[in-house]
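Asks: Structure below; questions to follow.
The values are calculated or read from the model by the stated rules, or taken from the named source; none is laboratory data. This structure is a prediction, so every number in the text was calculated from the model and none was measured. Backbone-built Cβ (ideal geometry, glycine too); neighbour counts: all protein chains shown. Side chains included, ligands, DNA and RNA excluded: accessible areas come from the protein's heavy atoms. Shrake-Rupley method; radii C 1.70, N 1.55, O 1.52, S 1.80 Å.
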Amino acid sequence: MSGTERASGWAVARRLVLMLLAALTWGALLGCVWEAVWVPPAGAAFEGTWYLAPGGLGQDVAGTAWFAVIGLAGGLGYGVVSAALSKDREVLTLVAVVVGAVLASWVMFHVGHALGPADPQALAADAGDYEAIPSDLGLAGAGDRPWPFWFDSSAFNAFPAGALLGLMGVFLGGPRRTRERPRTESGS
């Protein structure tokens, strides 16, 4: 392996690592946005158990909806920027964007969940009857600690779907990048 090939390999590896770090950072920022736009539904404790208030179901579903909307928009931006900054190596860029988008979605969930209110069931155990307790921030179908590649909630697919749409839009809709092949002269 020549020095140029080795340097090129390090440049590709560095770019892929930077894309993954950018995805993780972007996911953390989007988790902060998710927590900021969400309004926690009200509930109350009764006999050591937390119950969602009758009007709170819409707000509880809104947490999942906001996650999907923010994830789709954030993924779209991540895919467009990643594709625009990659000059070649489309397959490696695709792999990095898919892995980065899945991890970003997972980080987005954990940051938003950590910033949101505490688990109301745990708080209700020590609370008096009819004491108001807000709900925690979560996703429908996902527990407190979902695995990154085990999509417990379909909302986790929003960020990767947006990233792939953005990547596709730039790769397929942008100016064609063709590589000229050297011509061989055929002698007859």
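Asks: Please identify which residues in the range 53-85 have an amide N closer than 12 Å to a label point set 7 Å out from the Cα of residue 18, following the Cα→Cβ vector.
Replies: Zone members listed by number: 82, 85.
Asks: Report the dimensions of the range 1-145 along its three principal axes from the alpha-carbon atoms, largest first, rounded to Å.
Replies: Answer, in whole Å and largest first: 73, 24, 21 Å.
Asks: Which of the peptides 73-79, 49-55, 33-39 is most tightly packed, and how do the rest follow, going by the mean number of other Cβ atoms within 10 Å of each residue?
Replies: 73-79, 33-39, 49-55
Asks: Enumerate the calculated ³J(HN,Hα) couplings along the range 91-98 in order (Karplus 6.51 cos²θ - 1.76 cosθ + 1.60, θ = phi - 60°), each rounded to whole Hz, writing x wherever the residue is Gly or Pro.
Replies: 5, 5, 5, 4, 4, 5, 5, 5
Asks: Additional query: In nm, what is the difference between 0.36 nm times the number of residues separating residue 25 and residue 154 and their Cα-Cα distance?
Replies: Here the answer is 44.2 nm.
Asks: Moving to a separate point now. What number, in percent, do you get for the relative contact order of the range 59-144 if the mean sequence gap of Cα pairs under 8 Å and at least 6 apart is divided by its residue count?
Replies: Relative contact order here is 36 percent.
Asks: Give the accessible area for residue 80 in Å² (nearest 10); use a 1.4 Å probe, count only protein heavy atoms, and leave out ligands, DNA and RNA.
Replies: Answer for residue 80: close to 60 Å² accessible.
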